[in-house]
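Heads up: the structure comes next, in C-alpha cells.
We did not get these values from a lab; they are worked out from the coordinates using the rules stated. Source: prediction; values computed, not measured. All Cβ positions, even for glycine, are placed from backbone atoms using ideal geometry, and neighbour counts span all protein chains on display.
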Amino acid sequence: MTGLRLPDGVRGVVFDVGETLVDESRSWMAQAERAGITPFTLMGLVGSLIESNEDHRRVWEVLGIDPPPESPGIDSADLYPDAVGCLRAAADRGLTVGIAGNQPAGVEARLRAVGVDADFIASSAAWGVAKPSAEFFSRVTDAAGLSPSALLYVGDRLDNDVLPARAVGMRTALIRRGPWGHIHARRPEAALADLRLDSLDDLARAFGA
C-alpha cells in the first residue's frame with residue numbers, strides 16, 4: 001500500500017498488542033493443546049464467533065470445556081516482523097510512542113524483555129479498565145500527555161480499537177491481519193478509520209512521508 005500520510009496534527013501513536021504488534025498464533029495453539037482439541041477446531045469456532053459479533057471467549061462454552069490455564073508469555077518470535085521497526089520509525093519521527101491493550105498483568109515487562117521499546121506500555125490489567133471503555137482511552141491520553149486529536153490509535157479491531165478510539169476524538173488506523181483484522185476490514189465501518197493498513201511497514205512509511 002502506497003501514498004499513506006499521517007493525519008494532520010498527530011503527535012503521538014499508540015499501538016494495540018495482540019494481532020497488531022504480537023502474533024498470537026502460538027498462544028492459541030498452546031491453548032488448544034491444553035484443552036485437548038485441534039488448533040483448526042478452536043480457531044474455526046473463534047472465527048465464527050467474531051463473524052457473529054459474539055465474544056470470542058465464549059468458545060469454551062461452545063466447546064463445553066473449561067478454559068485452559070493462562071496462555072504462554074510473549075517470546076521474541078511472537079513479534080510480527082514489522083513491529084519493532086515501526087516503533088522505531090515513530091520514535092525517529094519525534095512522536096510519542098505508546099502501547100496499550102487488553103492484556104494480562106505482567107505484559108509490560110514481557111514486551112520490554114523481548115526488545116519492545118516505547119514511552120509507555122500499559123495493560124487493561126494494570127489499569128483496571130478494558131477496551132472498549134471510554135475510560136481506557138482516557139487513560140491512554142493521560143499516559144501520552146496529549147489531547148485525543150493528537151493521538152493515532154492503531155489496532156486490528158473495529159469494536160475494541162477503531163470505533164471507541166474515534167468516539168473519544170482520536171485518529172485511528174485499522175490493520176488487516178489476524179482474524180479480527182481480516183473480518184473487520186470487510187465491514188463498511190472500516191472506512192471510518194483514518195488509515196487502513198496491510199502491515200506496520202505501511203505505517204512506518206507514512207511516518208517518513
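Below, the figures for the structure above:
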| read-out | value |
| --- | --- |
| Residue list for the stretch 113-150, restricted to those being under 21 Å from residue 11 (Cα atoms), of a type in the set (Gly, Ala, Ser) and part of a helix (DSSP H, G or I) | 134, 138, 143, 144, 149, 150 |
| Residue within the stretch 94-102 that is under 23 Å from residue 184 (Cβ atoms) and surrounded by fewer than 14 Cβ atoms within 10 Å (Cβ to Cβ) present | no |
| Residues being touching an Asp or Glu at 6+ places or on another chain (Cβ under 7 Å) and either assigned to a helix (DSSP H, G or I) or surrounded by 19 or more Cβ atoms within 10 Å (Cβ to Cβ) (or both) - total across the stretch 177-203 | 6 |
| Counted residues, the stretch 152-176 - those being under 14 Å from the mean Cα position of the chain (by Cα), assigned to a loop (DSSP other than H, G, I, E, B) and without any contact (Cβ under 8 Å) to a residue 40 or more places away in the chain | 1 |
| Helices (runs of 4 or more DSSP H) wholly inside the stretch 9-88 containing at least 2 residues that are in contact (Cβ under 8 Å) with a residue 60 or more places away in the chain and surrounded by 13 or more Cβ atoms within 10 Å (Cβ to Cβ) | 39-51 |
| Residue list for the stretch 95-110, restricted to those being in contact (Cβ under 8 Å) with a residue 40 or more places away in the chain and assigned to a loop (DSSP other than H, G, I, E, B) | 95, 102, 103 |
